[in-house]
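Each remark here refers to the structure printed beneath this line.
The values are calculated or read from the model by the stated rules, or taken from the named source; none is laboratory data. Given the structure is predicted, the values throughout are model-derived calculations rather than measurements. In this analysis, Cβ positions are derived from the backbone assuming ideal geometry, glycine residues included, and neighbour counts consider all displayed protein chains. For accessibility, only protein heavy atoms count, side chains too; no ligands or nucleic acids. Shrake-Rupley method; radii C 1.70, N 1.55, O 1.52, S 1.80 Å.
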Amino acid sequence: MTNGAAAAQSLRDLALLRRVRDRIDREYAQPLDVEALARGAHMSAGHLSREFRRAYGESPYGYLMTRRIERAMTLLRRGDLTVTEVCFAVGCSSLGTFSTRFAELVGVPPSTYRKEAAGELAGLPSCQAAQATRPVRNREAAVSGRALA
């Protein structure tokens, strides 16, 4: 394969990966798995996972769960839904998995977040609240923690 052909293929792959990421962003509350995402991109699940991680720094499943947790944070801040209702509203089928993943990304369990976040962000526009409360992965927290020191 020539350099020009390889570059063209790389651009096509990136376009497919962008479509997969956009699908996850749109359909995060639907049952999605890597196999279904890969079929939609005409790739094998393994190839999609490798290429997605290379392009975006995390697996398709990790990206999906981050989107779900971000949406859950918004719903929990509203305060009108229970943690269980939020879990199912964002597409998670297991309350235990949802709570564990939420605590990993946010640093506190969803029930604690629900109690504490409602008062902290009162009066803040939703776009600023979303930016201020965006989940930080453990590896990102370590990097940003060093930058502050």
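Summary of computed values
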item: Label point 7 Å beyond Cα of H47 along Cβ direction - residues of region 1-27 with amide nitrogen under 20 Å; result: 1-24
item: Computed accessible area, S93, all protein chains, 1.4 angstrom probe, square angstrom; result: 110 Å²
item: R0 of 25 Å, Cβ-Cβ distance S59-L81: FRET efficiency to nearest 0.05; result: 0.35
item: Per residue value of the accessible surface for region 1-100 (all protein chains in place, 1.4 Å probe), Å²; result: 55 Å²
item: Rounded accessible area of V86 (nearest 10 Å², 1.4 Å probe); result: 0 Å²
item: Solvent-accessible ranking of F88, F102, largest area first, probe 1.4 Å; result: F88, F102
item: Accessible-area value, D33, 1.4 Å probe, nucleic acids and ligands omitted, Å²; result: 80 Å²
item: Length added when fully stretched, A89-E116, from 0.36 nm per residue minus Cα-Cα; result: 7.7 nm
item: Mean separation of Cα contacts under 8 Å (6+ apart) over length of region 1-108, as relative contact order %; result: 23 percent
